[in-house]
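Peer 1: To start, I am sharing the structure in question, which I have written as structure tokens.
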Amino acid sequence: MNYLIYIPFALFLFACGSNPNQNDQLSKDDLDALIEQELKNEQRAKFGGGNYSFETITDPPKVAELNKKILIEQKKSKALQNSQSNQSLGDKYKSGDQSVVPEIIQILKGNDVDKKRTLYFDLQRSYDDPIEYQITNEKIIKTVFENLKKKEDQANAIQLAGYMKLQGYIKQFENLLESADAENKNRLLYWLSEEGSSTLPLDYIIEKIQTKKIDLVKDYNAIDVLGSYSENGTANNQKRAIDACIKIYNDKLIPSSKFEETKSYWSSDNPANALIDVLLESSDPGVVAIANDLIKKDIAVGQATLFLCKLEGKTHQEKALA
């Protein structure tokens with residue numbers, strides 16, 4: 001037989017029946033009536049249609065054990081409630097809770113910089129989030145795009161929109177890049193070039209290189225953008241990107257001191273490192289003269305030699321051994 005301990009009822013019985021000397025002890029008829037009522041309640045609850053019985057517990061050790069179990073369950077319930085209440089808005093949204101959307105929008109439109117920064121981060125997909133997680137709520141997307149024009153929000157809004165590929169972000173980024181509001185051009189260029197369908201970053205950088213209106217020490221990510229097109233762009237855009245890198249080297253748009261630094265250490269924010277990588281990982285004949293020049297200056301000798309062997313084969317080996 002299956003036994004179902006109806007806890008509130010059991011406690012009530014204990015309270016009323018544990019001391020048989022009390023004057024207000026329930027009579028047998030009262031107790032039978034209560035049991036019958038609880039059975040009716042149990043039947044209405046339809047706990048799987050099983051046959052259940054109630055057991056009256058008056059033995060103190062058993063009651064103590066039951067109380068212990070009740071306390072454990074109460075702690076578990078409280079812990080679960082606390083866990084749910086401590087979830088961030090981003091986590092709640094990721095779990096499908098649409099009720100938090102108004103609060104998310106309120107924060108994004110508000111003036112609390114710290115709260116907004118935290119929310120931008122929490123809304124991004126993390127390593128343990130489902131790969132299918134996307135931000136699809138139109139009101140959230142619209143608010144993020146509106147914040148692209150706010151100085152205090154721009155960097156975080158760009159990161160969220162680019163990382164999560166919010167619907168319409170390419171056009172929004174292009175418009176921002178061409179406006180006077182753009183204060184984070186490096187990140188705009190990065191996300192636009194990574195996506196690949198927009199040629200605006202390539203056009204933008206080439207124009208700056210041709211007019212020598214770019215500070216590559218400051219805007220070093222521009223080389224990474226050219227590298228993206230040289231690897232993943234169309235054949236025409238690959239050629240344009242490599243030609244731009246050749247011009248950077250030949251026109252000395254990167255100070256020679258930065259190339260000298262590459263002899264001692266590699267740095268992700270040194271544009272000379274990035275330029276050398278893009279040029280020597282290509283197969284463009286126009287880079288041959290640069291590779292030879294680098295070898296003469298004792299810069300990236302290994303990379304330059306491999307590049308020349310790749311392009312010139314035995315011809316370079318014979319020249320190297322002569």
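The values are calculated or read from the model by the stated rules, or taken from the named source; none is laboratory data. Because the structure is a prediction, the values reported are computed rather than measured. Cβ atoms come from the backbone with ideal geometry, glycine included; neighbour counts cover every protein chain shown. Ligands, DNA and RNA are excluded from the accessible area calculation, which covers all protein heavy atoms including side chains. Shrake-Rupley method; radii C 1.70, N 1.55, O 1.52, S 1.80 Å.
Peer 1: Read phi for every residue in the range 240-251 and hand back ³J(HN,Hα) as whole Hz from Karplus 6.51 cos²θ - 1.76 cosθ + 1.60, θ = phi - 60°, with x for Gly and Pro.
Peer 2: 4, 5, 5, 4, 5, 5, 4, 5, 4, 5, 5, 8
Peer 1: So for each of 297-305, 165-173 I average, over its residues, the number of other beta carbons within 10 Å; can you give me the resulting order with the highest mean first?
Peer 2: In decreasing order of mean packing, 297-305, 165-173 become 165-173, 297-305.
Peer 1: Next question. Assign unit charges at the C-beta atoms only (+1 for Lys and Arg, -1 for Asp and Glu), then state the dipole size of the range 187-236 relative to its Cα centre in Debye, rounded to the nearest 20.
Peer 2: Dipole magnitude for the range 187-236 comes out near 240 debye.
Peer 1: Further question on the same structure: Kindly give the semi-axes, whole Å and largest first, of the ellipsoid equivalent to the range 100-171, taking each as the square root of 5 times a Cα gyration tensor eigenvalue.
Peer 2: Values: eigenvalues 63, 39, 29 Å².
That gives 18, 14, 12 Å for the three semi-axes.
Peer 1: I'd like to check one number: the per residue accessible area of the range 89-157, probe 1.4 Å, reported in Å² as a whole number.
Peer 2: 60
Peer 1: Counting only protein heavy atoms and a 1.4 Å probe, tell me what percentage of the range 178-322's accessible area is made up of carbon and sulfur.
Peer 2: Carbon and sulfur together cover 48 percent of it.
Peer 1: Still on this model: What percent do you get for the relative contact order of the range 117-237 when only Cα pairs under 8 Å and 6+ apart count? It would help to have the intermediate numbers written out before the result.
Peer 2: Values: 99 pairs, mean separation 23.1, N = 121.
RCO, the range 117-237: 19 percent.
Peer 1: Hey, could you grab the Kirkwood Rh for the range 187-283? Inverse mean 1/r over distinct alpha carbon pairs, Å, one decimal.
Peer 2: After inverting the pairwise mean of 1/r, the radius is 13.2 Å.
Peer 1: Hand me the GluC sites (Glu not before Pro) from the range 105-188 located in a DSSP loop with no more than 14 other Cβ atoms within 10 Å, in residue order please. Kindly include the intermediate steps, with their values, before the conclusion.
Peer 2: Values: sites: 132, 138, 146, 152, 174, 178, 183; in loops: 132, 152, 178, 183.
Those that pass, being in a loop and sparsely packed, are 132, 152, 178, 183.
Peer 1: Can you give me the relative contact order of the range 112-160 as a percent, contacts being Cα pairs under 8 Å and 6 or more apart?
Peer 2: 45
Peer 1: If you roll a 1.4 Å probe over the heavy atoms of the protein chains, what accessible area per residue do you get for the range 166-322, in Å²?
Peer 2: Values: 8260 Å² over 157 residues.
Using a 1.4 Å probe on heavy atoms only, each residue of the range 166-322 averages 53 Å².
Peer 1: Something else: Between residue 132 and residue 186, what length comes free when the chain is fully extended (0.36 nm per residue of separation minus the Cα-Cα distance, one decimal in nm)?
Peer 2: So the chain would gain 16.7 nm between residue 132 and residue 186.
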